[in-house]
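Just so you know, all these numbers are worked out from the coordinates, no wet-lab data involved. All values reported here derive from a predicted model rather than from experimental measurement. In this analysis, Cβ positions are derived from the backbone assuming ideal geometry, glycine residues included, and neighbour counts consider all displayed protein chains.
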Amino acid sequence: MEIKINHLTHIYQPNTPFESLALSDVNAVIPSGAFVSIIGHTGSGKSTLVQHFNGLLKPTEGEIHVGDMIISSSTKNKDLKALRKKIGMVFQYPEHQLFEETVEKDICFGPLNFDVPLEEAKRRAREALELVHLPESILDRSPFELSGGQMRRVAIAGVLALEPEAIILDEPTAGLDPKGRRDILDLFTRLHKEKGMTTIMVTHNMDDAALLSDQVIVMDHGRCLMQDRPEIVFSEEKTLTSLGLDLPRAMRFLRKAGQKLGQQWEEPVFSTEKAAETIARSFVRKKGGDRS
Amino acid sequence: MKLIIGQFVPGDSIIHRMDPRAKLITVFIFVFIVFLANNPWTYGFLLAFTVLGILVSKVPFSFIYRGLKPVLFIIIFTFILNALFTRQGDVLISAGWFQLTTAGLKQAIFISIRLLAIIVVTTLLTLTTSPIAITDGLETLLKPLKKWRFPVHEFALMMSIALRFIPTLMEETEKIMKAQMARGVDFSSGSLVKRGKAIIPLLVPLFVGAFKRAEDLAMAMEARGYRGDVGRTKFRLLKWHGRDTGLLSVLAVLTAALILMRG
Ligand SMILES: Nc1ncnc2c1ncn2[C@@H]1O[C@H](COP(=O)(O)OP(=O)(O)O)[C@@H](O)[C@H]1O
Ligand SMILES: [Mg+2]
């Protein structure tokens, strides 16, 4: 499902002393089946932008095309529910949305709201639980007695049980330990690869943005500064630095190593393997040069 | 966020800069002297004081109006009740059991002005005074009650914590509402029963979060050596200025005028 953003402007609390312009004239396209990361400084409008995709916020100006639906300031609230069924949303700290007595009831909550029959909802709950790598035995427990990482996975299962066509992740790994982080990211990479789910991820982690995504959108002060492949976005080192954004770690390492070794490795490299390869290659070349 | 009572709008007007004690005393006394008014002159004074307050505070009228909207219903309701059930004076309109009299209309207008004046002036206090300043002011003003073992400090602390967390709680509410809306909850339409049910997925996480936050806060305060007001010094010292005496003088003049002019 393609998502197209046309001249999107959003103002919070318009006509009050608290009025704030959160997005101004944003244009971007999220191709169907793509994995798109959104990066930018805190307060740059990332969350505001993605909340438009499933109709949690309506544009002040401009419009958003999601599949064949168009959302503008005049869209009726009741038309937005159909949209929310197609696009799942995992908020920052999604475990804050848990409220039912049992894990099973909580996961079934979403599907039941969209008129999925109970039996089908229960089947989906089991399936979603498997996707997030939690045992079925957890179904009858209270979500509040689980560990932080487990709670988050239950909450994510609650969104996956809606079987959305696209999923939005707003800093899905905030506050998790490294293993928890990896598990969650693996899960979404798998969903994207195997089910072709369109995935939109807001993140502060440049490594994740560089390694996982097909496209990166750079936000700054409510504007979309860039949208391109990660190789291109992360070669704009100056622009990113001026926005207070880092380069991926592998690239930072290569820059430093290059300075010490009197070398320059310009091409963008994101993984540790590629970085090691780049360095090794230049040594091999040097050795070859010495011999001749 | 539609309700603005209890919401502070930072600014630099003379009212913003006044001592919270002066403003608290003024509002407290104003709420009482409102009931002195009983004729067009005196109600005029009340209105003038209120409007003057808004003008001097530089808080836009439109903003106060927006904030009043939720309570406007109560004012209109009182207006209608008074207009309908006062049966003295000349009859203006009469249709069946319905009767509008001059006295009824007058009564309705006066009562509405009373309510409006009280609400606007109280709102103005919270709009122009930061929550912290209000509690500081209250704590100082209530200090004498300590003689009778009233826990003034604890009371002020509770209030400042409550005020401090109103915005946080509102933000939290909005966030959880959005998260549940994304899971198909409809907060704004459907039958009353359905809407009532939609409250549960909102309230449970809100309470869980609030309790957790309270625990964290208690722990953080203890870790920094908090043990009540015994031996505690103040970071912000309240200072009484000429403008504060000025405010009380205006209030005194208003009170005198009300007493002199009331019929
Ligand atoms: N509910 C809200 N009411 C008013 N202003 C808001 C609200 N949410 C966000 N903002 C403001 O909008 C801007 C963008 O915020 P946000 O989209 O949350 O940024 P990000 O997710 O990139 O950190 C910020 O300046 C923020 O203060
Ligand atoms: Mg955000």
The value for segment B:33-73 (convex hull of the alpha-carbon atoms, volume per residue, Å³) is 89
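Order by neighbour count: B:VAL34, A:VAL269, fewest other Cβ atoms within 10 Å first, most last.
Ordered from fewest to most neighbouring Cβ atoms within 10 Å, B:VAL34, A:VAL269 come out as B:VAL34, A:VAL269.
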Under a Gaussian network model of chain A whose springs join Cα atoms within less than 10 Å, the largest fluctuation of A:ILE87, A:ILE232, A:ILE168 belongs to A:ILE232
What FRET efficiency do you get for A:GLU237 and B:LEU248 if R0 is 51 Å and r is their Cβ-Cβ distance, rounded to the nearest 0.05?
-> 0.25
Counting only DSSP beta bridges with both residues in segment A:3-246, tell me the antiparallel percent, nearest 5.
-> 55
Against the longest principal axis of chain A, how steep is helix A:249-261, in degrees 0 to 90 to the nearest 10, with axes from Cα atoms?
-> 10
Binned at 10 Å from zero, the C-alpha pair distances of segment B:27-176 give percents of 10, 26, 29, 22, 10, 3, 0
Global form of the protein assembly as shown, assessed from the alpha-carbon gyration tensor, a/c cut-off 1.5 | prolate
How long are the semi-axes of the ellipsoid equivalent to chain A, from square roots of 5 times the Cα gyration tensor eigenvalues, in whole Å, largest first?
-> 37, 26, 16
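For segment A:61-195, what is the Kirkwood estimate of the hydrodynamic radius, computed as the reciprocal of the mean inverse distance between distinct Cα atoms, to one decimal in Å?
Value: 15.6 Å, from the Cα pair sum.
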Under DSSP H, which helices of chain B have Cα atoms covering 18 Å or more of the helix axis and a Kyte-Doolittle average no less than 0.5?
-> B:20-33, B:40-57, B:61-85, B:102-128, B:200-223, B:242-261
Considering only DSSP beta bridges where both residues belong to the protein assembly as shown, give the percentage that are antiparallel (nearest 5).
-> 55
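Based on the Kirkwood radius over alpha-carbon pairs, what is the Stokes-Einstein translational diffusion coefficient of segment A:123-238 at 25 °C with 0.890 mPa s viscosity, in µm²/s?
157
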Extension gain, B:PHE187 back to B:ARG224 (0.36 nm per residue minus Cα-Cα distance, nm) | 9.2 nm
Computed over segment B:130-263, Cα set: Rg, Dmax in Å | 22.4, 63
Pull up all non-local amide H partners of B:LEU92: gap of 5 or more, or a different chain, and H-to-H distance under 5 Å with H placed in the peptide plane.
-> B:LEU100, B:THR101, B:THR102
Once the Cα atoms of chain B are picked out, what are the Rg and Dmax in Å?
-> 22.9, 72
A convex hull over the alpha carbons of segment A:214-292 yields, per residue, a volume in Å³ of 93
Tensor-based shape of segment A:1-130 (alpha-carbon gyration tensor, a/c under 1.5 rounded, otherwise prolate or oblate) | prolate
Which entries in B:LYS69/B:LYS212; B:LYS23/B:LYS175; B:LYS147/B:LYS239; A:LYS46/A:LYS179; A:LYS195/B:LYS194; A:LYS78/A:LYS122 show an alpha-carbon gap greater than 30 Å?
-> B:LYS69/B:LYS212; B:LYS23/B:LYS175; A:LYS195/B:LYS194
On Cα atoms only, tilt of A:272-291 relative to the major axis of chain A in degrees = 10
Cα extents of segment A:252-291 along the three principal axes, largest first, in whole Å?
-> 31, 19, 13
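Go through segment B:166-255 and name the GluC sites (Glu not before Pro) that are in a DSSP coil and have 16 or fewer other Cβ atoms within 10 Å of their Cβ.
Working: sites: B:GLU171, B:GLU172, B:GLU174, B:GLU215, B:GLU222; in loops: none.
Of the GluC sites (Glu not before Pro), not one in the loops of segment B:166-255 has a Cβ with at most 16 other Cβ atoms within 10 Å.
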Tilt, helix A:118-131 to longest principal axis of chain A (alpha-carbon atoms), in degrees rounded to tens, equals 20
Under a point spin-label approximation (7 Å from Cα along Cα-to-Cβ), what is the B:MET261-B:VAL208 distance to one decimal in nm?
-> 5.9
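Taking a ≥ b ≥ c as the square roots of the Cα gyration tensor eigenvalues, with a/c under 1.5 meaning rounded and otherwise prolate when a/b beats b/c, else oblate, which class fits segment A:33-88?
Cα axes put segment A:33-88 in the oblate bin.
Most exposed first by the Cβ proxy, i.e. fewest other Cβ within 10 Å, how do B:MET181, B:MET159 rank?
In increasing order of surrounding Cβ atoms, one gets B:MET159, B:MET181.
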